[in-house]
Every structure is written in structure tokens, then in C-alpha cells.
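A quick write-up on the structure given underneath.
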Amino acid sequence: MHIFRRDPRCPLCGSAKKEQEMLCVSCRQKINNFQQHNPLLAGDFLLYRVASYKDFRQVHLKFKYGGQTQLAKTMAMLMLQAYLGNIPDASQLPALITYVPSTGVRVGQRGYNTAELLAKWLGRYMDRPVRCLLKRKNSPKQTNLATTERRENIHGVFTVNQSIQKRCINFEKQRVLLVDDVFTSGATMTEAVCTLSACGYAHIVGICFLAKH
């Protein structure tokens, strides 16, 4: 089964491309240039990123706020490539995939969680289970907050989903891939990693589609 149809247009920018290629030359070059700096050591965990936020901001807006959920399968494939292209061997593949949850209010407004969509496609590509290990309290949006304000705003908003955790106890000592759509200050993913670590998950690796650095 072919997941991607041959299309003369780049799914990210809409420019013309070769039908057999996933992306146009321009988008691929921007991504390749950015991935020379993978992975990023973000505090206590490694973070794999696909591209710069400034280069693909419009793609993110269409995906997150424009309802263009079909972008998830291309974005997740590029995330997979960024990860596989920067690990030494198959021993570094995750045993479990989870994601940064959104609040119930925002999921209700938007109709979907972008990180969850990406995680499910990654699970399909990697043939790995995807579980929602975290729950998130309602809190003010991170948008337009300074770095220190982001850290304060996100502190304590995550808790472990106990019902899911009970079924994932065997994964605590194995590699877990934590998915989000964008990494800006790092406050959100860092808080999620800390929450999972405190619950016993010892090997957490982050992955996102876009990053600001």
C-alpha cells in the first residue's frame, strides 16, 4: 500500500516538484540544512527536529489552526527521516511513542491535537505503540509569553495518566519517544519530560516538526 500519492505539488509550500519526490527542491534544502544540527541537547534529553520555525511557519499555522490535518502524514514522515538519519543503529529506536497533550478546551475548539496526529503517524511508520501517558490541566496559552513566563505558566500542568500508565509499566526502562509539533522555548517539552521521568521513565527522547533554534 502506498501512503503517499504522486503529486506535482509540494505538500508543504505548494510549489511544483518532481512527482517521484516528496518535497520541492527548496523545502528539502531548507530541511537538510537545519538537520545538520540534529540532535539538540535540550537540558536532560535529546531533541530531534525537522526544520526551522521561521522557514515553515505558514505550514504550522495551516496544520494547527487551519484544519489541514492531512499535513500530518508528510510531517511525520519527515520527522521519521530526521530521527532515523541521526541514530547509529536500530537499538536506538523507541519501544513506545507518546505525545504532549493539549487541554480539553483547545482540543474542543480545534477538534484535534496536532501532537497526537503526528504521534499516530509515527507509530504507524515505526510499527510502535502510541499511548497518551500524560494529562494536561487547563492553563493560559504559551503564545506571546517570555521564556521565564512560559516556564512558570507550564509548571505543574502535566500529570501521568494512571490508567494508561498501568498498561505501560514494562516500558519504563525502555526508550520512549515524546512527540510535539513545535519546540520554541522548550518549556512545555521540558515539563513533560520531567513529569515522565518522575514517574520512572528513564530514557525519553523528544521529537518535533519545527523548532526556533
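Observations on the structure shown:
- Multiplying the residue separation of residue 61 and residue 198 by 0.36 nm and subtracting their alpha-carbon distance yields 46.0 nm.
- Normalised contact order of the chain, rounded percent, pairs of Cα under 8 Å and 6 or more residues apart: 24 percent
- Among the trypsin sites (Lys or Arg not before Pro) found in region 25-85, those both in a DSSP coil and sparsely packed, with 11 or fewer other Cβ atoms within 10 Å of their Cβ, are 54.
- Most to least accessible of 27, 194 (protein chains only, probe 1.4 Å): 194, 27
- DSSP bridge orientation in the chain - percent antiparallel, rounded to nearest 5: 30 percent
- Apolar share of the accessible surface for region 26-130: 48 percent from carbon plus sulfur atoms, 1.4 Å probe.
- Put a plus charge on the Cβ of each Lys and Arg, a minus charge on the Cβ of each Asp and Glu, and nothing anywhere else: the dipole of the chain about its Cα centre is then about 560 debye.
- Heavy-atom accessible area per residue - region 61-109, 1.4 Å, Å²: 40 Å²
- For residue 204, nonlocal amide neighbours, meaning residues 5 or more places apart or on other chains whose placed amide H falls under 5 Å from its own, are 176.
- Across the cross-link table entries 73/166; 64/166; 30/135; 17/62; 17/120, which are compared at the Cα atoms, the separations over 23 Å belong to 73/166; 64/166; 30/135; 17/120.
- Only helices enter the 222 nm calculation for the chain: every DSSP H run of n ≥ 4 contributes -39,500 (n - 2.57), and dividing by all residues gives -10500 deg cm²/dmol, rounded to 500.
The values are calculated or read from the model by the stated rules, or taken from the named source; none is laboratory data. Computed from a prediction, not measured in an experiment: that's the story for all the values here. Every residue, glycine as well, gets a Cβ built from its backbone with ideal geometry; the counts of neighbours run over all protein chains shown. What goes into the accessible areas is simple: the full protein's heavy atoms, side chains included, and nothing from ligands, DNA or RNA. Shrake-Rupley method; radii C 1.70, N 1.55, O 1.52, S 1.80 Å.
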